[in-house]
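Below is one structure; the comments refer to it alone.
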Amino acid sequence: MLHQCSLLIVLGLAVHTGWVISVSVSTPEKTVVGKAGSSVNLPCLYSTTVGNQFVVEWKFLPSNSKTGKWQQIYYYSDGTTYKPGSQADRLTAVHSSPTSGAASIKLADLIGSDNGTYACEVNNPPDFSGSGSGIIQLSVLVPPTSPTCQSNGNTIKGQDATLTCSSTGNPPPIYTWTMVDNKNALLPGMMENQIMGSLLLTNLSEPMSGTYRCTASNEMGQATCQVTISVSSVSEAGAVAGAVIGVLLALIIIAAVLLYFLCYRGKKNNDTKSDHPGNEIREDAVSPMMSDEQRPSRESHASQGSRDTSKNRARIV
């Protein structure tokens, strides 16, 4: 209770005498631009009387963030510095100790993912008023990546087709198309979109056959890719399609014939095995060298077997 009363008395005296306890943060540069691979300083100045609870914090919001969640990248408190973000190895304080009115940081070896918004915050209780944060936009200039060229649509005479080209960079690349064999200008019936990177080819004709080159460029550099198309007539396209279908049908027929012979041979082998079940010896089998007179008849074998059976039964009795 006594502490609260003392605090109210101090605030009353401050207001009455015109003295206001506050912290003021300013960022001299609202936008900082740097090239990929270079280093930049993100300035942050403040005015306050540093106390025991003085804290400096830097936060980062990537330009491609989908969640809108700030990332803590720098934190200073009570003489200790923390760098919890992914940029820790490339981030340093411009001054060894951010307690002299400057809390600027330096970011080295810039990469494309460093693009975004940076916030410098100074907290110094019992400062109760003023602006305790400043915002800086960082833009990292990146040359275009190697683009990808593709052809979409049927390249048949009289039809339409679209060539596409895509790349990334900062600033976003501008795309231009040229024919490798005709570098001066595009032919009639070709419509170029330099922002989207597409080239529309309308009412295709044989002179449109050839190799097309796309160039993606920005102030940091340029990169190219190529795609080749061949315009064919309807009859040629039909002949090609017919040839492909014919080859496929021939392969199917050959496979069916082979399968039939394999199955037939397997069935025949099984039938042969069932007709000749191994080396079984029949009781009535005779030598092939015996004449017809020497071969006993089936009836004699049967009667002999009956007599043998009767004898065995008599002995048992």
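The values are calculated or read from the model by the stated rules, or taken from the named source; none is laboratory data. It should be emphasised that the depicted structure is a prediction, and the values quoted were computed from it without experimental measurement. Cβ placement follows ideal geometry from the backbone for every residue including glycine, while neighbour counts extend to all protein chains displayed. Side chains included, ligands, DNA and RNA excluded: accessible areas come from the protein's heavy atoms. Shrake-Rupley method; radii C 1.70, N 1.55, O 1.52, S 1.80 Å.
Can you give the percent of C-alpha pairs in the range 123-221 whose distance is more than 22 Å?
When all Cα pairs of the range 123-221 are counted, 46 percent exceed 22 Å.
Full-extension gain between M220 and E192, please, as 0.36 nm times their residue separation minus the C-alpha to C-alpha distance.
Full extension from M220 to E192 adds 7.8 nm.
Taking Rh as the Kirkwood radius, which is the inverse of the mean 1/r over Cα pairs, what is the Rg/Rh value for the range 91-136? Before the final figure, lay out the partial values.
Numbers: Rg = 13.1 Å, Rh = 12.6 Å.
With Rg and the Kirkwood Rh in hand, the quotient comes to 1.04.
Roughly how many percent of the accessible protein surface of the range 70-133 is carbon and sulfur, given a 1.4 Å probe and a whole-percent answer?
With neighbouring chains kept in place, the figure for the range 70-133 is 46 percent.
With unit charges on the beta carbon (Lys/Arg positive, Asp/Glu negative), name the residue among V142, G85, V55 whose Cα is farthest towards the positive pole of the charge dipole of the range 30-155.
After comparing all options, I get V142.
Multiplying the sequence separation of V257 and A108 by 0.36 nm and subtracting their Cα-Cα distance, what value in nm do you get?
46.6 nm
Quick one: P(r) of the range 37-196 from all Cα-Cα pairs, 5 Å bins, percents rounded to integers, in order of increasing distance.
Result, from short to long distances: 2, 7, 14, 15, 12, 9, 7, 6, 6, 6, 5, 4, 3, 2, 1, 0 percent.
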